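Please treat every number below as a calculation from the coordinates, not as lab data. Remember, it's a predicted structure, so these values are computed and weren't measured experimentally. Cβ: placed from backbone, ideal geometry, glycine included. Neighbour counts: every protein chain shown.
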Amino acid sequence: MAEAAITVQGLIKRYGPTTAVNGIDLEVRKGEIFGLLGPNGAGKTTTLECLEGIRKADGGRMTVDGCNPQSDGKELRRRLGVQLQSSSLPDTMHADEAMSLVCAWHGLQPRFDLLRGFGLETSLKKQYHALSTGQKRRLHLALALAGGPAVVVLDEPTAGLDVQGRAQLHDAIRALKAEGITILLATHDMAEAETLCDRLAIMIHGNVAAVGTPVQVTAAGHGETRIIVRTMNGSLLPGLSMGSARFTKASEGYGEWMCSDAAAGVIDLLRKVQTAGDTVEDLRVERPSLEERFLELVEGGEHK
Amino acid sequence: MNAFLLHLWVQFRMDARERGTLLTFYAVPLTFFVVMGAVFSSINPTTKETLAASMSIFAVTMGAVLGAPIPLVKMRESGVLRAYRVSGIPSRAVLLIQEVSAFFHLLLVSAIIFVTAPLLFGADLPRDYTGYFIILLIYIFASIALGLLIGVTARSQSMATMLSQAVFLPSLLLSGIMFPASLLPRPLLWLGRIFPATHAMQSFSVLAYHLKANYSGASALGITAGIGILATAIAVWRFEAAGREELG
């Protein structure tokens, strides 16, 4: 198993009588993209802020690339790049000035190559307020990488971006992973988490409700798999429930069945087609999405 | 280049692009100086004796007390300070850079007033140039310290504006820069002594222009410096405390 880049053991954070993070354990492996999901107020941002060293924990232990974020502030800044959820720069600061400053405070030469790499080559002399939301996000990501960190924390990096901006940022995040950088990504976007993350954790009410690969987390739920089939002679229609597959609807020659055991359901349907001497034209198996699993966990958590 | 100096240089460049900074540090004080200089010197020729000093006190008070706090509050509100912090830029350095850049602007505008007041309005030159500039430097320091204190204390921009006005208007009206403080009723005369502008005006009169004043120029200068040191200490303490609150 890969070495851990981030470890969290028994992290507790309270705000007055409210417990925002309730003794969670997490491990992020080196070189992976790890997603942190959860509804608003689940404790994601608080967890990230404790890891970033900008919020003091009330209990537990943490390491980020070997440093203690609560006590090794200077060393942490070299090893950890951070893109905050609500990040900003002075309105009149140019993009290249921001890069020069951050690099100077790290004792490095300016990394204008990072700005060019993130498609900001024509915006180097633009004032911050004149940048688009997507350009601002990419600038902050470039600044987070300026010190050459081993770990990067991204808090809602694509919030408010259009489809193109989101795709560009996803490419940038994948490129970072390809360079071996560990990424901890907090997001509300389930599709983003499903496509980008190697593993993820879902936080609810300050606790970790699920952790694993997107497939593992999804498969652990009670959601049913949808099987959609169209045959040459329409032998499956009008639809009947058979074996483990429950017929739900028919439309334009397609029939739809739901089942909790996907493999058994497919076998049952194919057997029926074969028995009827028919041929399958199209077959789709749709597992429950991460979003469905997320909602199942959140609603379950709220009922508790 | 050293990170601090580079940051300071970038700050100057940003200030030059920022309309609000140009207005509060240069345009409004210099316009006021030109208009009021003409009015004062025509209706009461004795104001020429200390015109450069009184107009410098106005310009410095306006820039430091009205101009300096808002950028600090904005940086805190908009998340700039946090973004700096996670990027490895120390918060104390940001505070110091704000102070040094404001100091530079206020020194420049005061120098413009010092040079042009005799040319435009026949204002008297000080008897003691060294004394004049020492008082000016100490007054700029004290005023910026008050501005920073407002900037780190106010929780919002509207609160900062109210606090700034609460310092700026009495400084303007009770310090003797608009009209002789001796004309004020006694309670207001004493109220005026809370503000460093009053003591700076006394210091300029006695130590730089060798005029008579209500009390010792050296004491007045000491009080001005004391207010600056106290305000700086409280501002730094509040700033650090705010940082700890965020950490806690």
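Brief remarks on what is shown
- Straightening the chain between A:LEU240 and A:ILE12 buys 76.8 nm, computed as 0.36 nm per residue apart minus the Cα-Cα spacing.
- Averaged over the residues of peptide B:43-55, the number of Cβ atoms from other protein chains lying within 10 Å of each residue's Cβ is 0.
- Label zone at B:ALA233, where the point sits 7 Å out along the Cα-to-Cβ direction: the range B:182-204 residues whose backbone N lies under 19 Å: B:194-196
- This model, with +1 at the C-beta of Lys and Arg and -1 at the C-beta of Asp and Glu, gives chain A a dipole about its Cα centre of some 600 debye.
- Taking the DSSP bridge list for the protein assembly as shown and keeping only pairs wholly inside it, about 70 percent are antiparallel.
- 16 Å Cα-Cα reach of A:LYS30 towards lysines, excluding residues that sit fewer than 8 places from it in its own chain: A:LYS177
- When you restrict to C-alpha pairs under 8 Å that are six or more residues apart and normalise by the size of the range B:2-247, the relative contact order lands at 24 percent.
- For chain A, the ratio of Cα radius of gyration to the globular rule of thumb 2.2 N^0.38 Å stands at 1.22.
- Qualifying lysines (Cα of each under 17 Å from Cα of A:LYS125; at least 8 residues distant if same chain): A:LYS136
- Kyte-Doolittle mean at least 1.0, axial Cα span of 30 Å or more - DSSP H helices of chain B: B:91-121, B:129-153
- Secondary-structure-derived ellipticity at 222 nm for the protein assembly as shown, considering helices only, amounts to -16500 deg cm²/dmol, per-run term -39500 (n - 2.57) for DSSP H runs with n ≥ 4.
- Neighbour-count order for A:GLU286, A:GLU252, fewest beta carbons within 10 angstrom listed first: A:GLU252, A:GLU286
- Counting, for every residue in B:73-80, the Cβ atoms of other protein chains within 10 Å of its Cβ and taking the mean gives 3.
- Fewest-first ranking of B:TRP9, A:TRP105, B:TRP237, using other Cβ atoms within 10 Å as the exposure measure: B:TRP237, B:TRP9, A:TRP105
- Whole-Å distance, taken between Cα centres, linking the range A:200-261 and the range B:19-40: 73 Å
- Ranked packing of B:47-59, B:97-109, A:89-101, A:6-18, most packed first, by mean Cβ within 10 Å: B:47-59, A:89-101, B:97-109, A:6-18
- Note: relative contact order over chain A, using C-alpha pairs below 8 Å and six or more positions apart, is 19 percent.
- For chain A, the longest principal axis of the C-alpha atoms and the axis of helix A:163-178 are separated by about 70°.
- Based on C-alpha pairs under 8 angstrom that are at least 6 apart in sequence, the range A:227-289 has a relative contact order of 45 percent.
- For residues of A:51-58, the mean tally of beta carbons on other chains within 10 Å: 3
- For the protein assembly as shown, the dipole from Cβ point charges (+1 on Lys and Arg, -1 on Asp and Glu) about the Cα centre works out to 1580 debye, to the nearest 20.
- Taking N as its residue count, the alpha carbon Rg of the range B:2-247 over 2.2 N^0.38 Å: 1.02
- Treating r as the C-beta distance of B:GLU77 and A:THR248 and R0 as 41 Å, the FRET efficiency rounds to 0.20.
- Computed from Cα atoms, the angle from the helix A:133-145 axis to the main principal axis of chain A rounds to 60 degrees.
- Euclidean distance between Cα centres, the range A:1-52 to the range A:112-172, Å: 24 Å
- Antiparallel bridge percentage (DSSP; both residues within chain A; nearest 5): 70 percent
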